[in-house]
Structures are given as structure tokens and as C-alpha cells.
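Since the structure comes first, as C-alpha cells, the remarks are kept for the end.
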Amino acid sequence: MTKLNELAPREGSTKGRMRVGRGPGSGKGKTAGRGVKGQKARTGVSIAGFEGGQMPLHMRMPKRGFNSRNRKEFAEVNLWRIEQAVAAGKLDAGKAIDADALLAAGVIRRAKDGVKLLGEGELKSKLTLTVYAATASARAAVEKAGGTLTTTKPEAAAAEA
């Protein structure tokens, strides 16, 4: 039985590292495989995207869009998906439905910054929903089915001039 201190890789399975810059006899002397002269032969150079003084492509392209660092991301849910979960027995129509209930039922993967209710599909069940925000069509569909919808989104304060 081999001992831990006697473990070694099989003969010929590993190669020693190439020692560069150790004279012409090594095959990797002088320029050490870097070519000759210039900026790229030196160490610590990063010139990715440099086009020889021509305006680089990423600077020639127009700027487009803006992503706010403070933006909120929502878990979006359609009405048909909630109705499907109620029909399957994963959501109880008699109880209040909020982000935690939707998460437990597997309707959404994660709550993110809140749940936004979208109006695609038809709602047959009378539900009590609490979400961050809802579209006008979703709100109308919930009320048409006889349910109630509460949004937790803070209303924008009216700007007084």
C-alpha cells in the first residue's frame, strides 16, 4: 500500500515548466517567446481596443440608453399564472395573497424589489391580492372578478411650486 508521502504522478505524465530568458541554448532565450521590441514585448501592457490612434470602435458607436443605479426590479406576474396556481390548488383563494404566498406556491422565483401584477389572461377567482404595483387592466380584472387589490407602492408626492 502506498503512503501519502510517497505519492507521485505517473512517469511521463507531467512536464516541467519552460524557463524563459535563460540563454540561446534553451530555445527560449533573448526575447523569451515575446517576439521583438515594442510595447507588447514589455510586461504589464494592456492595449485592447487600441486602433493605432484611429478613434476606437467603442467610441465611434453612439451612446444609447441609461441604467439607473437606484432602479427597482420587479417579479412580474400575469393574471393567468395566478389563476393557474389557484386551479392547481397551490394558492388558497380564501386567504390573502402576497409576495410570500406567490413564492411558496412557486409562481415567482424570487420577490426582488416587489411583485408587479400584469393584466394578461382572465381571472375567475375572487382574490385578495397585495402587490407592489399593478397595471390598470390587472386592477380592473381583479375588481371585475369581485376581488380586492392593494398596492404597497408609495404614491409620488405632488410637487408643489
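Values in this text are rule-based calculations from the coordinates and carry no lab data. All of these numbers come straight from a predicted model, not from anything done at the bench. Here the Cβ is made from the backbone with ideal geometry for all residues, glycine too, and neighbour counts use every protein chain on show.
Explain nothing, just the number: dipole magnitude of region 75-151 about its Cα centre with +1 on each Lys and Arg Cβ and -1 on each Asp and Glu Cβ, in debye rounded to the nearest 20.
Here the size comes out at about 60 debye.
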Convex hull volume per residue for region 1-40, taking Cα atoms only, in Å³: 127
Hypothetical label at GLU73: residues of region 85-125 whose amide nitrogen lies under 12 Å (7 Å Cα-Cβ projection): 110-114
Directionally averaged projected area (convex hull, Cα atoms, region 16-89), nm²: 14.1
Cα pair distances exceeding 17 angstrom across region 75-151, given as percent: 32
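Just check the chain against the gyration tensor rule for me: Cα atoms, a ≥ b ≥ c as the square roots of the eigenvalues, rounded for a/c under 1.5, and otherwise prolate or oblate depending on whether a/b exceeds b/c.
oblate
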In region 55-161, the trypsin sites (Lys or Arg not before Pro) that fall in loop regions by DSSP, at most 16 other Cβ within 10 Å: LYS63, ARG64, ARG69, ARG71, LYS72, LYS90, LYS95, ARG109, ARG110, LYS124, LYS126
3J(HN,Hα) from dihedral phi, region 110-115, Karplus parametrisation 6.51/-1.76/1.60, rounded to Hz, x for glycine, proline: 8, 6, 6, 8, x, 10
Amide N proximity, region 57-83 versus ALA140 label position 7 Å along Cα-to-Cβ, cut-off under 17 Å: 79-80
Neighbour count of at most 15 Cβ within 10 Å plus DSSP loop: longest GluC sites (Glu not before Pro)-free window in the chain: 12-72
